[in-house]
Structures are given as structure tokens and as C-alpha cells.
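Enquirer: Structure in C-alpha cells, see below.
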């Protein structure tokens, strides 16, 4: 069962969207790779439900490992970053895009989004132009990125 | 001046009405982002010092705010002048081109 926290208004019931075709003998048939939009919703839902992270390093690694797990499970495409242009898999932004913008806040820029990670493990994903917040997760101390 | 700075200056001269935003200070050896807003269009440029420029036309208004998260660039260029030509082409195009991923240079 895929997670659905219900906290994000644009996340529909993922368990309803992800229907695995089943053969008469009970085995699952080969299925098409779900679209990126669906996989991203799964990613955000899993991050929301993940236990709070306790540090920048843990949150950053948690983001990468959660994305890798979603892509491994839902696409089956080998994790081979050098194939990013052609393989259709989503890969995390490279670490050299990290910028420390405040003593307690590091920002990772992606093409259309900012990912803010607090020293306390808090995480926020935000659209660059609209400021729409897609994920706002507190660290283990209960504080969100901008509350430290 | 590094290549992203050169591209910034060239775009300033070619389209003075555009709103250009570098994502942070130019630091030697560090990648950077350049957002180019012109009329109702938004082109984002990712620059990596040893690899060149990733150029994408982004949706300013999206139905799904998650769209584009962790997506790579649509075009890649080794040379700033080629990247500039593509940016101008995207900004001046009447219709939105089909996204495609092509490496140049």
C-alpha cells in the first residue's frame, strides 16, 4: 500500500491511483511505468510520513534515499545517473548546488524548485516562482525550517 | 568573468526588457542558475563549469506544482553563445515547443 497522508491537498488517494493488474493465477502482469507526476506525489507522501530527520546530513540523505527507493520500486529503471538524459528516471540534484543561505539553513536549487534543509533536519520544498510550498516537514525538535 | 556571467551580459544586451536573476553570487568553480523572465515566459539555465549549460523553458503557471521537480534540462550546450541562441529562440517562439532533451556542442 502506498502512503497517503492527506496533508497535501493536491495528493489524491494514491492507493486508488496505483492499481496493479493481476493475472488469473494471481501473479502481477508487467505494467507501464507510472508517470513522473504520480511518482513525485508518492515521494512527497513518503517524506511527509517519514520520521523526522535530526540533522542536515540525515535529511539530505533521506531525500536522496527516498527518491531512489520510489524510482527503484515504481520504474525498475536502473539507477545510472549517467543515463539521465535518456532513461526517464528521476535523479536528485547534485550536491554542488547546495548553498548555505543562513547559519541554520541550506538551500538546494533544482530547475523549478527550492529545497531548504535546516540544521535540525527540517525540510521544505517550494516552487521557485509561485512560492507554493509542496512539503514542509519539521525536524526532530519539532521546528520547521524557518522556525529554528 | 566566467561563462554564466558572460551569458548574463549578452542576454542583457540582446533583450534589455528581460528580467534576469542569477541564483546567487558568482563563485569560482561553483555551478549556478540563471532565471530569465520575458513577457509570459520563463527560461531557466543551469550552468556547470566543466560541462556547460542546461536550458529549459519552464511553465510559469502549472496545474501541478510538483511538475518539473528533479527533472533535468531540455537542452544542453557546451558553449555560452549556443545557449544564448537557444534561450532567445525559446523566448521569442510564438508557441511552446515540445520539450525534448538534446545535447549540443
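Enquirer: So if I take the centroid of the Cα atoms in region A:113-138 and the same for region A:58-87, what is the distance between those two points in Å?
Expert: 20
Enquirer: Run through the DSSP bridge list for chain B and note the antiparallel percent, rounded to the nearest 5.
Expert: Values: 21 of 24 bridges.
Beta bridges within chain B, antiparallel portion: roughly 90 percent.
Enquirer: Here's another thing I want to ask about it. Quick check: pseudo-label points 7 Å beyond the Cα along Cα→Cβ at residue B:94 and residue B:39, how many nm apart are they?
Expert: 1.0
Enquirer: Would you please classify the overall shape of region B:1-81 from the alpha carbon gyration tensor, given that a ≥ b ≥ c denote the square roots of the eigenvalues, rounded means a/c under 1.5, and beyond that prolate means a/b larger than b/c while oblate covers the rest? Could the numbers behind the result be given before it?
Expert: Working: a/c = 1.92, a/b = 1.28, b/c = 1.51.
Oblate, since a/c reaches 1.5 and b/c is not below a/b.
Enquirer: Now, a different point. Across the residues of A:108-116, average count of Cβ atoms on other protein chains within 10 Å?
Expert: On the way: counts 0, 8, 8, 14, 15, 7, 1, 2, 0.
Taking the mean over all residues of the peptide, I get 6.
Enquirer: Could I have the simple spin-label model distance between residue B:2 and residue B:64, label points 7 Å from Cα toward Cβ, reported in nm to one decimal?
Expert: 3.3
Enquirer: Using 0.36 nm per residue, how much length does the chain from residue B:79 to residue B:9 gain when fully extended, once their Cα-Cα distance is taken away?
Expert: Working: separation 70, 0.36 × 70 = 25.20 nm, distance 1.47 nm.
The residue B:79-residue B:9 span can extend by a further 23.7 nm.
Enquirer: In deg cm²/dmol and to the nearest 500, what is the mean residue ellipticity at 222 nm of chain B if only DSSP H runs of at least 4 residues count, each as -39500 (n - 2.57), divided by the residue total?
Expert: Details: 2 runs with 25 residues, N = 105.
Here the helix-only value at 222 nm equals -7500 deg cm²/dmol.
Enquirer: How much length is gained if the chain between residue A:33 and residue A:72 is pulled fully straight, taking 0.36 nm per residue apart and subtracting their Cα-Cα distance, in nm to one decimal?
Expert: Details: separation 39, 0.36 × 39 = 14.04 nm, distance 1.10 nm.
Working it through step by step, the gained length comes to 12.9 nm.
Values in this text are rule-based calculations from the coordinates and carry no lab data. Quick caveat: nothing in here was measured; it's all calculated off a predicted structure. Note that we place each Cβ from the backbone using ideal geometry, even for glycine, and neighbour counts take in every protein chain shown.
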